[in-house]
Amino acid sequence: MTDPVPLLIVEDDAPIRALLVSALAAAGYQPFEAATAREALAALAEVGPQAVLLDLGLPDRDGLELVPLLRGAGAAVVILSARDATAEKVAALDLGADDYVTKPFDLDEVLARLRTALRHRAAPGAVTGNVRAGGVEIDLLARIVRRDGHEVHLAPREYAMLAELAVHAGKVVTHAHLLRTVWGPGHEEDVEYLRVAARGIRRKLEDGASGAPSLIRNEPGVGYRLVV
Ligand code: CA
């Protein structure tokens, strides 16, 4: 048996912390807790967590300041964020956080975000082959996209956006990152470009009948995510 993966929960709200501890333990992880930034930094050195669930509103320090320190120590970082804190989420992602969940959160979603963040932490940049999302297959080497086995033609920007999302499959990718990568420096503000490209991708690759986005999810004010 392998040792359980050590995780750190940084949250000053005791009931939320207790809920996360029991959920993570039940999922087979080894959870450690910190109620302050000070405790978090002590635990970081002591237990070497592979991932950290980080509340940004801490009593002794802005949680954002911890993000580079946690990432520098090699831990994946998932932010626990208030619903309306869009700017904070973007700032945390820009500082290197892997993802976020919005409070009040769904425990299954917390576990899914953690699994994805741990997977990307274990193999950063290793996504070079095929990425599957439902009936869609993105072949990153051949630059071919198939839907239900049939090749689908995407415009160059649509493909580039989809490929960037596929490289980060399951994780949110910020507007600024997508615009910089796909359109180049100087386009970080042109969010409308993304809306147009996303619309094209969805039209060609999603099942329009169901109505709900099934392939790429819009994270309002933050970015897009490939649903896997
Ligand atoms: Ca708090």
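Sequence-distant contacts, meaning Cα pairs under 8 Å at least 6 residues apart, place the relative contact order of segment 43-112 at 29 percent. When you restrict to C-alpha pairs under 8 Å that are six or more residues apart and normalise by the size of segment 1-144, the relative contact order lands at 18 percent.
Using only alpha carbon positions, build the gyration tensor of segment 84-162, then give the equivalent ellipsoid semi-axes as the square roots of 5 times its eigenvalues, largest first, whole angstrom.
29, 15, 14
May I ask which residue of THR2, HIS153, LEU194 lies farthest towards the positive end of the charge dipole of the chain, with charges of +1 (Lys, Arg) and -1 (Asp, Glu) on Cβ and the Cα centre as origin? Projecting each Cα onto the dipole axis, the largest value belongs to HIS153. Across segment 183-199, coupling constants 3J(HN,Hα) worked out from phi with the 6.51/-1.76/1.60 Karplus curve, θ = phi - 60°, read 9, x, x, x, 10, 4, 9, 7, 4, 4, 3, 5, 4, 5, 5, 4, 4 Hz, and Gly and Pro carry x. Extension gain, GLU188 to ALA42, is 48.9 nm, computed as 0.36 nm per intervening residue step minus the present C-alpha separation.
Spin-label model, ASP13 to ARG143: label points 7 Å out along the Cα-to-beta-carbon direction sit 4.6 nm apart. For the chain, the carbon plus sulfur part of the accessible surface works out to 52%, probe radius 1.4 Å. Can you spot the lysines whose alpha carbon is less than 25 Å from LYS204's alpha carbon? Ignore those fewer than 8 places along the same chain. Partners within reach: LYS171. When the Cα atoms of segment 130-226 are aligned to their principal axes, the ranges along those axes come out at 37, 30, 22 Å in descending order.
Counting only Cβ charges, +1 for Lys and Arg and -1 for Asp and Glu, the dipole size of the chain around its Cα centre is about 820 debye. Sequence-ordered 3J(HN,Hα) estimates for segment 23-40 from the Karplus curve with 6.51, -1.76 and 1.60 and θ = phi - 60° stand at 5, 6, 5, 5, 7, x, 8, 10, x, 10, 10, 9, 9, 9, 5, 4, 5, 4 Hz, glycine and proline given as x. For segment 6-122, rounded, prolate or oblate, judged on the Cα gyration tensor with a ≥ b ≥ c (square roots of eigenvalues), a/c < 1.5 rounded, else prolate if a/b > b/c? Rounded, since a/c falls under 1.5. Give the shape of the chain as rounded, prolate or oblate, defined through the alpha-carbon gyration tensor: a ≥ b ≥ c are the square roots of its eigenvalues, a/c under 1.5 means rounded, and otherwise the shape is prolate if a/b is larger than b/c and oblate if not. It comes out prolate by the Cα gyration axes.
The values are calculated or read from the model by the stated rules, or taken from the named source; none is laboratory data. Worth saying up front: this structure is predicted, and the values here are computed from it rather than measured. Backbone-built Cβ (ideal geometry, glycine too); neighbour counts: all protein chains shown. Heavy atoms of the whole protein, side chains included, go into the accessibility calculation; ligands, DNA and RNA do not. Shrake-Rupley method; radii C 1.70, N 1.55, O 1.52, S 1.80 Å.
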